[in-house]
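Taken together, the values in this text are just the output of simple stated rules run on the coordinates, not laboratory data. Bear in mind that the values here come from a model prediction, so they are computed numbers and not experimental data. Every residue, glycine as well, gets a Cβ built from its backbone with ideal geometry; the counts of neighbours run over all protein chains shown.
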Amino acid sequence: MKRLFGTLAISGMLMGSVQANPFTDVPSGHWAYNAINHVVQGGVMKGYRGGMFKGKETVSRYEMAIIISRLLNKMKGHEVSSDVRRTMDRLGEEFMDELDLIGARLTALENAFHEHVTDGGDAGSGDGVKISGDIRVRTELWDQDLTATTDASDDLTLIRTRLNLEKSVGDADVHVQLQHSGSFGNRENGVGVAAQGTGLAMDSDDLDIHQVYTTIHWGEDGNTRDLQVGRFGMAYGDETLIGTVGWDNVGRTFDGFRYTSREAGDDFGWDLFYTNLSDDNPGVTMVNPATSGFDNQFMGLNLTWDEVLDGGLNVFYYKRNMDTGAAPGNRLNTLGFNWNRRDEEWNYYLQYAQQSGDVSNAAGANEYDGDMIRATVSYDYDEDKSVALDYHTYSGDNNGADTSTSNWQTLYPTQHGILGLADTLVQAGVGGSGIQDISLHFKWDQDENSSWGLAYHMFTADAVAAGIDDDLGSEIDLTYSYQYSDDVSFDLGYAAYAEGALATDATPGVSPRDTNFLWVTTNVNF
């Protein structure tokens with residue numbers, strides 16, 4: 001039998017799509033990301049309990065028969081191409097015995113499979129409530145040169161437990177995610193997530209409701225019309241603009257509503273959202289959406305087409321309103337698009353965004369005028385290896401005398417991995433200089449359980465003063481992932497950042513802040 005990802009090609013021809021992938025083990029940059037969204041939204045595959053897709057698992061003939069049965073049901077009453085019809089006829093003949101055996105026992109068989117084609121059965125449930133969760137332990141070791149004679153270091157262990165409770169009531173689904181996050185260790189001289197404190201011994205013990213929302217389904221005959229209300233995570237594209245910060249010990253959620261619409265068989269869909277951001281912990285700006293104790297608003301619209309230049313296109317508009325005491329009337333608009341296409345072994349991704357708006361409502365206040373570009377091309381070879389070239393730039397502003405703020409304003413991204421894994425540099429650049437990153441990536445799937453990654457980044461500033469070197473530095477990243485069992489996995493990474501000449505040129509006498517970062521993560525799903 002082909003592995004599970006091989007079945008997505010046919011399934012994707014019949015399904016619509018959604019913007020947010022529900023599976024934690026399928027990154028947004030994966031070549032099958034859009035196809036997985038198709039089949040999940042269409043109800044053809046359901047995934048593992050605990051939010052896992054497990055695309056490297058082998059599909060049994062009975063499981064494949066259930067997938068085909070669902071696809072055949074989806075085809076009823078819909079026009080499909082002759083190629084798709086012939087393919088489904090051949091699959092029906094191949095799995096005729098299994099399909100006959102399933103017959104009226106289809107529901108019982110679905111409950112028996114705790115794999116991609118099941119609802120999870122009765123295990124882990126109580127009184128009609130589906131229960132799942134995960135435990136993650138992450139150890140980080142960080143060392144950075146502050147001066148020629150002073151180092152700063154971290155040794156932190158972060159523990160996060162999430163418990164998911166799900167229940168369907170009529171046409172509505174209710175989801176509650178409880179989260180307990182704690183950490184212990186020593187943070188010296190404010191290295192790493194500096195906003196969490198300087199010289200701070202970490203020992204937190206927090207229990208909260210990370211997500212709680214209701215999704216109401218109005219769609220019929222395969223149409224999607226969903227209203228999501230409550231506290232929920234959002235991720236779009238490669239998460240350089242909006243992401244869940246899934247690697248973090250807390251993560252990010254938004255309070256508000258989101259409406260998603262797509263007609264069955266149509267290649268166009270859209271969603272809009274409106275959220276109110278209230279930061280309970282103003283210091284931790286990397287995790288929580290807002291940057292002050294004031295309530296702010298964040299809203300947006302996404303328009304998605306499946307077939308544009310043989311790829312998927314998403315056009316977006318996001319608006320952030322901030323009314324802090326220091327700068328009331330702060331209005332930031334972000335307009336742009338992202339496009340991706342897979343052409344056999346080649347994969348392409350392009351994203352562009354332009355910002356506008358007012359820094360405040362004061363007379364003569366600056367106007368936002370930043371932009372960003374990301375372009376990626378990757379090539380798969382030898383079935384288990386891939387290489388990629390990535391160009392990433394965020395505008396800077398080296399002219400403080402004009403009335404424009406040209407450096408890119410960070411929204412709510414998943415930072416880790418966007419500009420290297422050491423997180424030494426952020427999207428806004430250093431001191432408003434902006435940043436450009438040219439990186440080379442290599443990935444090797446050693447076997448069904450193990451994979452390696454290697455990346456090299458070359459950072460330069462986008463805008464610097466005359467006589468200043470634009471070299472921000474370079475970084476090399478090495479990662480390893482191991483799937484020990486269906487529910488247990490390990491991730492290991494090492495990042496080494498070497499600061500460039502810009503820092504010493506801009507501030508003579510300052511030593512390069514070279515950084516070494518090592519982490520180990522254990523994930524257990526239940």
Taking θ as phi - 60°, what are the ³J(HN,Hα) couplings along the stretch 357-369 by the Karplus curve (6.51, -1.76, 1.60), each to the nearest whole Hz, with x for Gly and Pro? x, 10, 5, 7, 8, 6, 4, x, 5, 5, 10, 6, 8
Ala235's amide H: which non-local residues (gap 5+, or another chain) put their own amide H closer than 5 Å, with H modeled 1.01 Å from N in plane and none for Pro or chain starts? none
Within 10 Å, count the other beta carbons around each residue, average over each peptide in 477-484, 419-426, and list them highest first. 419-426, 477-484
Can you give the FRET efficiency to the nearest 0.05 for Leu492 and Met458, using r as the Cβ-Cβ distance and R₀ = 30 Å? 0.80
Cβ-Cβ FRET estimate between Val308 and Ser485, R0 fixed at 56 Å, reported to 0.05: 0.85
What spacing in nm lies between the two simple spin-label points modelled at Ile373 and Val137, each 7 Å away from Cα in the Cβ direction? 4.7
Distance in nm between label sites at Phe442 and Ser60, each 7 Å beyond Cα in the beta-carbon direction? 4.0
Given a Förster distance of 30 angstrom, what is the FRET efficiency for Glu263 paired with Gln354, based on the Cβ-Cβ distance and rounded to 0.05? 0.50
Arranged by the count of other C-beta atoms within 10 angstrom, fewest first, what order do Ile36, Ile67, Ile135 take? Ile135, Ile67, Ile36
Please check which bits of the stretch 440-458 a label hung off Asp382 would reach, taking the label as a point 7 Å along Cα-to-C-beta and the cut-off as backbone N under 13 Å. 442-447, 452
Separation in nanometres of the label points that stand 7 Å from Cα toward Cβ, at Asp206 and Leu227: 3.2
Each residue of the stretch 237-245 in turn: what ³J(HN,Hα) in whole Hz from Karplus with 6.51, -1.76, 1.60 and θ = phi - 60°, glycine and Pro shown as x? x, 8, 6, 6, 10, 9, x, 8, 6
List every residue whose amide H lies under 5 Å from the amide H of Ala422, counting only residues 5 or more places away in sequence or on a different chain, with H placed 1.01 Å from N in the peptide plane. none
